[in-house]
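Here is the structure we will look at, set down as structure tokens.
The values are calculated or read from the model by the stated rules, or taken from the named source; none is laboratory data. Remember, predicted model here, so these are calculated numbers, not experimental data. As a convention, Cβ positions derive from the backbone with ideal geometry for all residues, glycine included, and neighbour counts pool all protein chains shown.
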């Protein structure tokens, strides 16, 4: 695995979006424009996003991006703008849970249900959903599984909003 550049310049409240597909510049520009839109009820919140747009990240998979993103202890989720994002009508980004799997330390006698039913580690979200997901996970208002469940209930398996 190649060494990834440090993620620098991300503000404390910025959602992290990493571009891994470089096949369609117009699609990327559309994704970036959607991410820059105000969000919340009636758009009362300014978008706060840190975009990684560096070809060094091209064609990396979720695990490689997660390994680099985990260096930031204040991050709870990272979003990938991958090939699916660029080809999707809704530009659905891949949301990845930063938390490390810790099931191997659980005593099966007491935690068998958790071990047998691992929590979802990823789901798709429209760009407008990035802010909602990031903000709620950052303050531990909701957990990753709640958003993944909402995405799985959508016909396109994409989180849109509650």
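Miscellaneous remarks
- Taking segment 15-64 as the range and being free of Cβ contacts under 8 Å to residues at least 60 places away in the same chain and part of a loop (DSSP other than H, G, I, E, B) as the test, the residues that pass are 22, 36, 38, 44, 46, 53, 54, 58, 59, 60, 61.
- Checking each residue in segment 70-87 for being closer than 19 Å to residue 57 by Cβ and part of a loop (DSSP other than H, G, I, E, B) picks out 70, 71, 72, 75, 82.
- Search result, residues across segment 21-47 that are in contact with a helix residue (DSSP H, G or I) (Cβ under 8 Å, 6 or more places away or on another chain) and surrounded by fewer than 17 Cβ atoms within 10 Å (Cβ to Cβ): 22, 23, 24, 34, 37, 40, 45
- Taking the listed residues 8, 77, the one that is crowded, with 18+ Cβ neighbours inside 10 Å and either out of contact with any strand residue (DSSP E or B) (no Cβ under 9 Å at 6 or more places or on another chain) or modelled with pLDDT of 95 or more (or both) is 77, with no other qualifying.
- Residues that are under 17 Å from the mean Cα position of the chain (by Cα) and closer than 23 Å to residue 59 by Cβ, drawn from segment 1-33: 7, 10, 15, 16, 17, 18, 19, 20, 21, 28, 31, 32
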